[in-house]
Amino acid sequence: MATSDLFPNLIIGGAPKCGTSSLYFWLAAHPEVFGSPKKETFFYADKVNRFNKDANVHEHSEADYLKFFKAGAGAKVRFEATAHYLYEEQARKAFGARGTKLIFLLREPSKQMYSHYKMEKYRTKTVDLPLEEYVKLPKVEKYVDYATHLQKWVDCMPAGHVRVWAFEDLVRRKEEVMKEIAAYVGIDPAFYTDFDFEHRNESVAIKSGALHQLGLRIQPLIPHGLQKLLLPLYMKLNSGGRAPDDAADQEALAQFKADHVQVGKDVQVLFPEVRIENWS
(Lines give C-alpha, C1' and ligand atoms only; values in the text may rest on other atoms or scores of the structure.)
Protein backbone atom coordinates (compact mmCIF):
# COMPACT_ATOMS: atom_id res chain seq x y z
CA MET A 1 0.00 0.00 0.00
CA ALA A 2 1.31 3.43 -0.92
CA THR A 3 1.90 5.76 2.01
CA SER A 4 -0.66 8.23 0.67
CA ASP A 5 -3.31 5.50 0.84
CA LEU A 6 -3.12 5.67 4.63
CA PHE A 7 -4.72 9.13 4.65
CA PRO A 8 -7.86 9.04 6.83
CA ASN A 9 -11.16 8.83 4.98
CA LEU A 10 -13.17 10.07 7.96
CA ILE A 11 -12.73 12.96 10.40
CA ILE A 12 -14.81 13.62 13.51
CA GLY A 13 -15.01 17.19 14.77
CA GLY A 14 -17.29 19.53 16.63
CA ALA A 15 -17.45 22.00 19.47
CA PRO A 16 -15.71 21.06 22.73
CA LYS A 17 -17.77 18.89 25.10
CA CYS A 18 -20.13 17.65 22.39
CA GLY A 19 -19.48 13.91 22.59
CA THR A 20 -16.53 13.43 20.23
CA SER A 21 -14.69 11.30 22.80
CA SER A 22 -17.59 8.89 23.15
CA LEU A 23 -18.07 8.71 19.40
CA TYR A 24 -14.35 8.12 18.91
CA PHE A 25 -14.32 5.09 21.20
CA TRP A 26 -17.60 3.66 19.92
CA LEU A 27 -16.53 3.98 16.30
CA ALA A 28 -13.01 2.68 16.93
CA ALA A 29 -14.51 -0.46 18.48
CA HIS A 30 -15.96 -1.48 15.10
CA PRO A 31 -13.92 -4.25 13.41
CA GLU A 32 -13.93 -2.43 10.06
CA VAL A 33 -12.58 0.79 11.57
CA PHE A 34 -9.17 2.04 12.69
CA GLY A 35 -8.98 5.04 14.98
CA SER A 36 -5.74 6.97 15.32
CA PRO A 37 -4.06 5.94 18.61
CA LYS A 38 -4.04 9.65 19.40
CA LYS A 39 -7.70 10.66 19.36
CA GLU A 40 -6.94 14.33 18.60
CA THR A 41 -3.81 14.82 16.53
CA PHE A 42 -4.32 18.57 15.92
CA PHE A 43 -1.99 18.04 12.95
CA TYR A 44 -4.00 20.40 10.73
CA ALA A 45 -4.62 23.06 13.40
CA ASP A 46 -4.01 26.63 12.29
CA LYS A 47 -1.36 27.13 14.97
CA VAL A 48 1.28 25.05 16.69
CA ASN A 49 0.13 24.26 20.22
CA ARG A 50 0.94 21.96 23.12
CA PHE A 51 -1.15 19.19 21.54
CA ASN A 52 0.65 19.09 18.18
CA LYS A 53 4.17 20.38 18.84
CA ASP A 54 5.64 17.00 17.81
CA ALA A 55 3.63 16.68 14.59
CA ASN A 56 1.91 19.55 12.78
CA VAL A 57 1.38 20.78 9.24
CA HIS A 58 3.51 23.88 9.82
CA GLU A 59 6.73 22.07 10.72
CA HIS A 60 6.25 18.51 9.48
CA SER A 61 5.37 16.61 6.32
CA GLU A 62 2.24 14.65 5.49
CA ALA A 63 4.31 11.51 6.05
CA ASP A 64 4.46 12.42 9.74
CA TYR A 65 0.67 12.68 9.85
CA LEU A 66 0.24 9.31 8.15
CA LYS A 67 2.26 7.63 10.89
CA PHE A 68 -0.85 7.91 13.06
CA PHE A 69 -2.61 5.54 10.65
CA LYS A 70 0.13 3.09 9.68
CA ALA A 71 -1.42 0.29 11.75
CA GLY A 72 -4.76 0.76 9.98
CA ALA A 73 -3.64 -0.03 6.44
CA GLY A 74 -6.27 -2.75 5.99
CA ALA A 75 -9.16 -0.93 7.62
CA LYS A 76 -12.19 0.12 5.61
CA VAL A 77 -12.36 3.35 7.60
CA ARG A 78 -9.42 5.24 9.13
CA PHE A 79 -10.19 8.27 11.24
CA GLU A 80 -9.17 10.69 13.95
CA ALA A 81 -11.28 13.01 16.08
CA THR A 82 -9.75 16.44 16.56
CA ALA A 83 -12.85 18.33 17.66
CA HIS A 84 -11.32 21.73 16.86
CA TYR A 85 -11.07 20.94 13.15
CA LEU A 86 -14.55 22.48 12.94
CA TYR A 87 -12.82 25.85 13.27
CA GLU A 88 -9.51 25.28 11.45
CA GLU A 89 -8.71 26.60 7.96
CA GLN A 90 -5.74 24.27 7.54
CA ALA A 91 -8.04 21.31 8.15
CA ARG A 92 -10.47 22.51 5.49
CA LYS A 93 -7.63 22.78 2.99
CA ALA A 94 -6.28 19.31 3.76
CA PHE A 95 -9.50 17.33 3.92
CA GLY A 96 -11.32 19.31 1.26
CA ALA A 97 -8.59 18.40 -1.23
CA ARG A 98 -8.99 14.70 -0.39
CA GLY A 99 -12.77 14.48 -0.28
CA THR A 100 -12.65 13.04 3.24
CA LYS A 101 -15.99 12.44 4.94
CA LEU A 102 -16.73 14.64 7.96
CA ILE A 103 -18.90 14.15 11.03
CA PHE A 104 -19.53 17.11 13.31
CA LEU A 105 -21.19 16.86 16.73
CA LEU A 106 -22.95 19.91 18.15
CA ARG A 107 -24.74 20.66 21.41
CA GLU A 108 -27.30 23.17 22.64
CA PRO A 109 -25.10 26.29 23.04
CA SER A 110 -25.64 26.99 26.74
CA LYS A 111 -25.02 23.33 27.64
CA GLN A 112 -21.88 23.25 25.50
CA MET A 113 -20.58 26.46 27.02
CA TYR A 114 -21.30 25.42 30.61
CA SER A 115 -19.81 21.95 30.23
CA HIS A 116 -16.66 23.45 28.73
CA TYR A 117 -16.51 26.05 31.50
CA LYS A 118 -16.71 23.37 34.19
CA MET A 119 -14.04 21.32 32.44
CA GLU A 120 -11.66 24.29 32.36
CA LYS A 121 -12.47 25.33 35.92
CA TYR A 122 -12.51 21.97 37.69
CA ARG A 123 -10.66 19.52 35.46
CA THR A 124 -7.89 21.25 33.52
CA LYS A 125 -7.89 24.20 35.96
CA THR A 126 -7.07 26.61 33.14
CA VAL A 127 -9.65 29.28 34.09
CA ASP A 128 -10.60 30.88 37.39
CA LEU A 129 -13.40 33.22 36.39
CA PRO A 130 -17.04 33.53 37.44
CA LEU A 131 -19.39 32.40 34.70
CA GLU A 132 -20.64 35.92 33.96
CA GLU A 133 -17.05 36.89 33.06
CA TYR A 134 -16.22 33.64 31.27
CA VAL A 135 -19.06 34.07 28.74
CA LYS A 136 -17.45 37.33 27.58
CA LEU A 137 -14.31 35.54 26.35
CA PRO A 138 -14.08 35.65 22.52
CA LYS A 139 -13.54 31.88 22.28
CA VAL A 140 -16.92 31.20 23.90
CA GLU A 141 -18.83 32.93 21.11
CA LYS A 142 -16.59 31.34 18.48
CA TYR A 143 -17.32 27.85 19.75
CA VAL A 144 -21.12 28.20 19.49
CA ASP A 145 -21.20 30.02 16.14
CA TYR A 146 -21.81 26.64 14.54
CA ALA A 147 -23.43 27.65 11.26
CA THR A 148 -20.65 30.04 10.27
CA HIS A 149 -18.03 27.31 10.54
CA LEU A 150 -20.21 24.58 9.06
CA GLN A 151 -20.87 26.76 6.00
CA LYS A 152 -17.13 26.98 5.36
CA TRP A 153 -16.92 23.17 5.40
CA VAL A 154 -19.93 22.76 3.13
CA ASP A 155 -18.35 25.18 0.66
CA CYS A 156 -15.09 23.22 0.39
CA MET A 157 -16.31 19.60 0.51
CA PRO A 158 -18.04 17.40 -2.09
CA ALA A 159 -21.82 17.16 -1.71
CA GLY A 160 -22.84 14.70 0.96
CA HIS A 161 -19.43 14.60 2.65
CA VAL A 162 -20.41 16.67 5.69
CA ARG A 163 -22.92 15.30 8.22
CA VAL A 164 -24.02 16.71 11.55
CA TRP A 165 -25.53 15.03 14.60
CA ALA A 166 -26.63 16.65 17.85
CA PHE A 167 -25.01 15.51 21.09
CA GLU A 168 -28.46 15.23 22.68
CA ASP A 169 -29.63 12.93 19.89
CA LEU A 170 -26.54 10.75 20.23
CA VAL A 171 -27.11 10.41 23.99
CA ARG A 172 -30.83 9.70 23.65
CA ARG A 173 -30.68 7.30 20.67
CA LYS A 174 -27.22 5.77 20.93
CA GLU A 175 -27.84 2.59 18.97
CA GLU A 176 -29.95 4.24 16.27
CA VAL A 177 -27.51 7.13 15.76
CA MET A 178 -24.49 4.84 15.62
CA LYS A 179 -26.25 2.77 12.98
CA GLU A 180 -26.95 5.96 11.01
CA ILE A 181 -23.28 6.91 11.28
CA ALA A 182 -22.19 3.39 10.28
CA ALA A 183 -24.35 3.57 7.16
CA TYR A 184 -22.92 6.99 6.31
CA VAL A 185 -19.29 5.83 6.52
CA GLY A 186 -19.96 2.48 4.84
CA ILE A 187 -19.52 -0.09 7.62
CA ASP A 188 -21.88 -2.74 8.98
CA PRO A 189 -24.52 -1.05 11.19
CA ALA A 190 -25.50 -4.37 12.79
CA PHE A 191 -22.37 -4.22 14.94
CA TYR A 192 -24.12 -1.67 17.16
CA THR A 193 -27.10 -3.89 17.94
CA ASP A 194 -26.90 -4.44 21.72
CA PHE A 195 -23.50 -2.69 21.78
CA ASP A 196 -22.14 -1.81 25.25
CA PHE A 197 -22.20 1.97 25.05
CA GLU A 198 -20.04 3.75 27.59
CA HIS A 199 -20.04 7.51 28.08
CA ARG A 200 -16.60 9.14 27.96
CA ASN A 201 -15.03 12.45 28.98
CA GLU A 202 -17.46 13.76 31.59
CA SER A 203 -16.67 17.09 33.25
CA VAL A 204 -15.34 16.03 36.63
CA ALA A 205 -13.46 17.78 39.42
CA ILE A 206 -9.79 16.79 39.29
CA LYS A 207 -7.83 16.63 42.55
CA SER A 208 -4.32 17.08 41.13
CA GLY A 209 -3.92 19.23 38.02
CA ALA A 210 -0.27 18.18 37.67
CA LEU A 211 -1.17 14.48 37.71
CA HIS A 212 -3.94 15.11 35.20
CA GLN A 213 -1.59 16.90 32.79
CA LEU A 214 0.83 13.97 33.06
CA GLY A 215 -2.01 11.60 32.25
CA LEU A 216 -2.96 13.63 29.18
CA ARG A 217 0.63 13.45 27.91
CA ILE A 218 0.96 9.69 28.23
CA GLN A 219 -2.59 8.77 27.17
CA PRO A 220 -1.76 8.63 23.41
CA LEU A 221 0.94 6.04 24.17
CA ILE A 222 -1.49 3.62 25.84
CA PRO A 223 -3.47 1.13 23.66
CA HIS A 224 -7.24 1.65 23.56
CA GLY A 225 -8.05 -1.57 25.42
CA LEU A 226 -5.68 -0.77 28.26
CA GLN A 227 -7.02 2.79 28.48
CA LYS A 228 -10.50 1.40 29.08
CA LEU A 229 -9.19 -0.76 31.93
CA LEU A 230 -7.07 1.97 33.54
CA LEU A 231 -9.53 4.88 33.29
CA PRO A 232 -11.82 3.83 36.19
CA LEU A 233 -8.78 3.39 38.46
CA TYR A 234 -7.35 6.75 37.46
CA MET A 235 -10.68 8.52 38.01
CA LYS A 236 -10.99 6.89 41.44
CA LEU A 237 -7.55 8.17 42.40
CA ASN A 238 -7.66 11.67 40.91
CA SER A 239 -11.32 12.63 40.59
CA GLY A 240 -13.44 14.39 43.14
CA GLY A 241 -16.59 13.32 41.33
CA ARG A 242 -18.76 15.06 38.78
CA ALA A 243 -18.12 18.79 38.55
CA PRO A 244 -20.96 20.59 40.38
CA ASP A 245 -23.56 22.93 38.92
CA ASP A 246 -23.25 26.20 40.82
CA ALA A 247 -26.58 27.77 41.74
CA ALA A 248 -24.98 31.19 41.31
CA ASP A 249 -24.40 30.40 37.63
CA GLN A 250 -28.04 29.89 36.73
CA GLU A 251 -28.89 33.49 35.85
CA ALA A 252 -25.92 33.87 33.50
CA LEU A 253 -26.63 30.43 32.03
CA ALA A 254 -30.28 31.26 31.34
CA GLN A 255 -29.30 34.56 29.72
CA PHE A 256 -26.73 32.84 27.50
CA LYS A 257 -29.34 30.33 26.37
CA ALA A 258 -31.85 33.08 25.59
CA ASP A 259 -29.24 34.99 23.60
CA HIS A 260 -28.43 31.96 21.41
CA VAL A 261 -31.81 30.52 20.42
CA GLN A 262 -31.06 31.33 16.77
CA VAL A 263 -28.02 29.03 16.69
CA GLY A 264 -30.02 25.82 16.21
CA LYS A 265 -32.24 27.40 13.58
CA ASP A 266 -29.19 28.47 11.58
CA VAL A 267 -27.77 24.94 11.76
CA GLN A 268 -31.04 23.48 10.47
CA VAL A 269 -30.96 25.78 7.45
CA LEU A 270 -27.78 23.94 6.42
CA PHE A 271 -28.71 20.51 7.80
CA PRO A 272 -32.51 20.15 8.11
CA GLU A 273 -32.20 16.54 9.26
CA VAL A 274 -30.39 17.43 12.51
CA ARG A 275 -32.57 16.69 15.54
CA ILE A 276 -32.38 19.66 17.90
CA GLU A 277 -35.83 19.46 19.47
CA ASN A 278 -34.25 19.33 22.92
CA TRP A 279 -32.39 22.62 22.37
CA SER A 280 -35.37 24.85 23.13
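The values are calculated or read from the model by the stated rules, or taken from the named source; none is laboratory data. Just so you know, these numbers come straight off a predicted model, no measurement behind them. Here the Cβ positions follow ideal geometry from the backbone for every residue, glycine too, while neighbour counts run over all protein chains shown.
Okay, here's what the table says:
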| item | result |
| --- | --- |
| Selection from the range 234-280 of residues that are of a type in the set (A, V, I, L, M), at pLDDT 75 or above and surrounded by 15 or more Cβ atoms within 10 Å (Cβ to Cβ) | Ala252, Leu253, Val263, Val267, Leu270, Val274, Ile276 |
| Filter result for Met113 (in contact (Cβ under 8 Å) with a residue 40 or more places away in the chain, farther than 26 Å from Pro31 by Cα and of a type outside the set (Lys, Arg)) | yes |
| Hits in the range 46-83 - residues which are outside any helix (DSSP H, G or I), closer than 23 Å to Ile181 by Cα, modelled with pLDDT of 95 or more and not aliphatic (A, V, I, L, M) | Lys76, Arg78, Phe79, Glu80, Thr82 |
| Checklist (1) of a type outside the set (Val, Ile, Thr); (2) at pLDDT below 95; (3) in a strand (DSSP E or B) applied to Gly13, failing item | (2) |
| Residues of the range 128-144 classified as under 17 Å from Ser110 (Cβ atoms), out of contact with any Pro (no Cβ under 6 Å at 6 or more places or on another chain) and in a helix (DSSP H, G or I), total | 9 |
| Residue count, the range 16-45 (criterion: in a loop (DSSP other than H, G, I, E, B) and surrounded by fewer than 22 Cβ atoms within 10 Å (Cβ to Cβ)) | 7 |
| Residue tally, condition crowded, with 16+ Cβ neighbours inside 10 Å and among the basic types (Lys, Arg), over the range 159-190 | 3 |
| Yes/no for Leu86 being touching a Ser or Thr at 6+ places or on another chain (Cβ under 6 Å), at pLDDT 95 or above, under 29 Å from Glu141 (Cα atoms) and not polar (S, T, N, Q) | no |
| Condition met for Ala147 (part of a strand (DSSP E or B), closer than 25 Å to Gln112 by Cβ and either at pLDDT below 95 or touching a helix residue (DSSP H, G or I) at 6+ places or on another chain (Cβ under 8 Å) (or both)) | no |
| Extreme residue, surrounded by the fewest Cβ atoms within 10 Å (Cβ to Cβ), among residues of the range 191-209 that are at pLDDT 95 or above and part of a helix (DSSP H, G or I) | Phe191 |
| Residues of the range 117-155 satisfying the condition of being over 24 Å from Ala183 (Cβ atoms), in contact with a Lys or Arg (Cβ under 8 Å, 6 or more places away or on another chain) and in contact (Cβ under 8 Å) with a residue 24 or more places away in the chain | Met119, Lys152 |
| When residues of the range 90-126 are limited to those that are surrounded by 17 or more Cβ atoms within 10 Å (Cβ to Cβ) and aliphatic (A, V, I, L, M), the one farthest from Ala248 (Cα to Cα) | Ala94 |
| Qualifying residue in the range 161-177 (condition: under 30 Å from Gly99 (Cα atoms), free of Cβ contacts under 8 Å to residues at least 24 places away in the same chain and β-branched (Val, Ile, Thr)) | yes |
| Residues of the range 151-166 that turn out to be assigned to a helix (DSSP H, G or I) and in contact with a helix residue (DSSP H, G or I) (Cβ under 8 Å, 6 or more places away or on another chain), as a count | 5 |
| Residue that is under 27 Å from Ser110 (Cα atoms) and either of a type in the set (A, V, I, L, M, F, W, C) or at pLDDT below 95 (or both), where the choices are Phe34, Phe42 | Phe42 |
| Any hit, the range 64-86, residues being surrounded by fewer than 21 Cβ atoms within 10 Å (Cβ to Cβ) and among the acidic types (Asp, Glu) | yes |
